[in-house]
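The values are calculated or read from the model by the stated rules, or taken from the named source; none is laboratory data. Not measured: the values here are computed from a predicted model. As a convention, Cβ positions derive from the backbone with ideal geometry for all residues, glycine included, and neighbour counts pool all protein chains shown.
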Amino acid sequence: MKDIQLKDIIHIAKEYNQKVDQDMIQLAFDFAKEAHKGQVRKNGQEVITHLLGTAYYLAKMRMDDATLIAGLLHEIPDETQQTIEDIKKQFGSEVATLVEGVARLSKLKYRGMEKYAENLRKMFVSIAHDIRIIIIKFADRIHNLQTLDALPEEKQQRIANEVLEIYAPIANRLGIGYAKTELEEGAFKYVHPEQYLFLHETTTPLLDKKDAYLCELKEHIANYLRDAQIQVLRIDSRIKSLYSIYRKMNEKKHSSVDGLYDLVAMRIIVESIADCYAVLGIVHHHWKPLPDRIKDYIAQPKPNNYRSLHTTVFCDTGEIVEFQIRTEQMEYESSFGIAAHWNYDEAGKASQKIGKNMEWLSAIVALPQTLDTNEYLTSLKLDFFQNRIFVFTPKGDVINLPDESTPVDFAYHIHSDIGRMCTGARVNGIFSSLDTELKSGDVVEIILEKNRKKPSIDWLSFVKTSLARTHIKVQLREKS
């Protein structure tokens, strides 16, 4: 990437906020440049280069003025003679609070998940206070990863592992696909260099070949949609990131990329939800869909509020191609997640509504302080960082659970008493054992024994959620 200039940041910011305060951003740049005068990073670049890079990625994520300014100032408390109080006098309490929050996060040094538990508690409290603090940290890390090769190997590993194990999963839960991908791709080659090199060498010619075919396919689908008089905003192709390929191969236990059907995808952007379903019908009219590969994330959004229709089809030449169909708003939200919900009034002031998809963050902050390190980390890994599934009650209510959850997890999610009285389950109308691994789309009915006073201690060997595990332990200790 070429050296980023302040004008580049302002240009991007003006695209989404016409009232961006250019004078205040210029003042922050001048303040930071003077404060960091003479300071050089390990790669030989001036510190101001990194601060511009941080602000640039914040602008790419469409953040408000205060966040852009805080991005330019985020290293001042730790690296200069200037203080938080100086920032507050010059730029106000909002910016000062953001800078202070980022400075606190910077002090949390990663030494592996087991040693990081208490730091994670502090991190999530900070995030809950103001979500912009972690978004600034994403931008800081994205730019840092580009110059990581200038650092000693031990520090490279520490930073890259922290990104893959902490920051990228949080970006994913916040629905900020842009940050998640940038973080994962930047860290992957340091954490798993051999796998990165292998995938880079093996997928490049394969993807080049598929890309050529997608150009032909794009013409065909454009003609079909034109004939159907569906207004298409654009048709793009997207290539799966190397880290996503690596993770999918691990999940599917593949030794090559041959069995992965979503290496490339056609992304069709239309005006309305009705058009999304109409496009899906036309795609299936011309090409046969693969079984179990039709995903309706519009009717059932992912936990991070990702919405889209996905289908994978056999095309005329035998090629297998995934189609992703969504509106412009869905595309915007899939890239920027919670950052997409910033609204700018006529004066350029930003406000944000967090919404129900952020309830998981409150749940993390509310985890009992009495949990020991292992319990806390297990809870985070299972309840918040793991893949999620959607299952249904018999009345059609959607229940969102971690992957590999069981009917007992389902029961305790409904109510602790439902869990305690659980004696059996029907999954899709079929009697199933309580340790059955549920899958997205399952309809689960819990069979109750109302006189049951205690759960079974055996359930602790297979439940997946910390909620179920905690309630079971408490109920087992209760006197009958």
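The figures follow:
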{"quantity": "Region 268-294, residues that are under 21 Å from ALA340 (Cβ atoms) and crowded, with 18+ Cβ neighbours inside 10 Å", "calculated": "ILE268, ILE269, VAL270, ASP275, CYS276"}
{"quantity": "Neighbours by Cβ (under 7 Å, 6+ apart or cross-chain): first from region 295-309, touching a residue at least 40 places away in the same chain (Cβ under 8 Å) and assigned to a loop (DSSP other than H, G, I, E, B); second surrounded by fewer than 19 Cβ atoms within 10 Å (Cβ to Cβ) and of a type in the set (Lys, Arg)", "calculated": "LYS302/ARG388; PRO303/ARG388"}
{"quantity": "Qualifying residue in region 80-97 (condition: in contact (Cβ under 8 Å) with a residue 60 or more places away in the chain, touching a Lys or Arg at 6+ places or on another chain (Cβ under 6 Å) and either buried (at least 22 other Cβ atoms within 10 Å of the Cβ) or over 25 Å from ARG121 (Cα atoms) (or both))", "calculated": "no"}
{"quantity": "Set TYR167, TYR196, TYR190, TYR261: member being in contact with a helix residue (DSSP H, G or I) (Cβ under 8 Å, 6 or more places away or on another chain), of a type in the set (Ser, Thr, Tyr) and within 27 Å of PRO301 (Cβ to Cβ)", "calculated": "TYR167"}
{"quantity": "Test: residue in region 155-166 that is over 25 Å from the mean Cα position of the chain (by Cα), surrounded by fewer than 17 Cβ atoms within 10 Å (Cβ to Cβ) and modelled with pLDDT of 85 or more", "calculated": "no"}
{"quantity": "Yes/no for ALA117 being of a type in the set (A, V, I, L, M) and closer than 18 Å to ILE9 by Cβ", "calculated": "no"}
{"quantity": "Of all residues in region 313-324 being surrounded by fewer than 20 Cβ atoms within 10 Å (Cβ to Cβ) and of a type outside the set (Gly, Ala, Ser), the one that is farthest from VAL270 (Cα to Cα)", "calculated": "THR317"}
{"quantity": "Wholly enclosed strands (runs of 3 or more DSSP E) of region 365-467 bearing at least 1 residues at pLDDT 90 or above and more than 30 Å from LYS248 (Cα to Cα)", "calculated": "422-427, 430-432, 444-448"}
{"quantity": "Out of SER440, SER433, SER456, SER461, sole residue that is closer than 23 Å to PRO301 by Cα and small (Gly, Ala, Ser)", "calculated": "SER440"}
{"quantity": "Exclusive hit being of a type in the set (A, V, I, L, M), crowded, with 22+ Cβ neighbours inside 10 Å, in a helix (DSSP H, G or I) and at pLDDT 95 or above, set LEU72, LEU27", "calculated": "LEU72"}
{"quantity": "Test result for THR67, in contact (Cβ under 8 Å) with a residue 40 or more places away in the chain, under 24 Å from GLN156 (Cα atoms) and of a type in the set (Ser, Thr, Tyr)", "calculated": "no"}
